[in-house]
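Read through the structure below, which is laid out as structure tokens, and then see the notes.
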Amino acid sequence: MSLDPLAILTAFGLIFLAELPDKTMFASLAMGTRMRPLYVWFGTSTAFLVHVAIAIGAGHLIGLLPGWSVKLVSALLFAFGAFMLLRGGGGNEEEGEDAAGSRTVTGFWPVYSTAFMAVFISEWGDLTQITTANLAASNGTWSTAIGSAAALMSVSALALLAGRFIATRVPLKTVQRVGGLCMLGLAVWSVVEIFVG
């Protein structure tokens, strides 16, 4: 198992930017206001780890294709990610509020289960899962897994610790645009690699 620091940083940066304006961040924020934040974080983090494992498996399968087709699939997936972010495809606070439910839950297992299920269900086919699979196909599985999991868990922790401040002070449209431009650049780079490599 060899780890590539650049691949870890790439995965972390892209997934972090893609997840910040996502509905899951707002779900974590909403759950953290009604439930014990540490228990919520354990639940969301476990769900993220399961989704990263699934995405890494899918990325490994994509990686078995011939080199040019992996780059083409990567370019298409990055272009899709860029499109979703640039058109404002992230979630909104109301969706997060709905996902978290409106009743107060106490105790470790009830909070953990609620947080796990809210994230586990909402993340299927999510932009970050698609991006993780894409990165795993081209940048290595372990490096991508570490970077993606760290980014997802960091966004959840950030939402729980400072979510209200971020939601009111940092323009999430700007975060979406930066993430979208990064993904667009990676899509173009993947196409260039087909012809250069």
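The values are calculated or read from the model by the stated rules, or taken from the named source; none is laboratory data. Predicted, not measured: the structure shown is a model, and the values here were computed from it. Using ideal geometry, Cβ is built from the backbone for each residue, glycine included, and neighbour counts are taken over all protein chains shown. Note: areas computed on protein heavy atoms with side chains; ligands, DNA, RNA excluded. Shrake-Rupley method; radii C 1.70, N 1.55, O 1.52, S 1.80 Å.
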Which ranges mark the helices (runs of 4 or more DSSP H) fully within segment 102-197 that have 1 or more residues being crowded, with 23+ Cβ neighbours inside 10 Å and at pLDDT 85 or above?
108-122, 127-139, 141-169
Selected residue (only one of Ser69, Ser74 is open to solvent by less than 10 Å² (accessible area, probe 1.4 Å) and either without any contact (Cβ under 8 Å) to a residue 24 or more places away in the chain or within 30 Å of Phe195 (Cα to Cα) (or both))
Ser74
Quick check on segment 1-50: of everything there that is of a type in the set (D, E, K, R) and more than 19 Å from Ala82 (Cα to Cα), which residue is surrounded by the most Cβ atoms within 10 Å (Cβ to Cβ)?
Arg36
Residues satisfying the stated conditions in segment 1-30, i.e. farther than 17 Å from Leu135 by Cβ and either of a type in the set (Lys, Arg) or at pLDDT 90 or above (or both)
Lys23
So which residues in segment 1-35 are of a type in the set (Lys, Arg) and farther than 15 Å from Ala118 by Cα, if there are any at all?
none
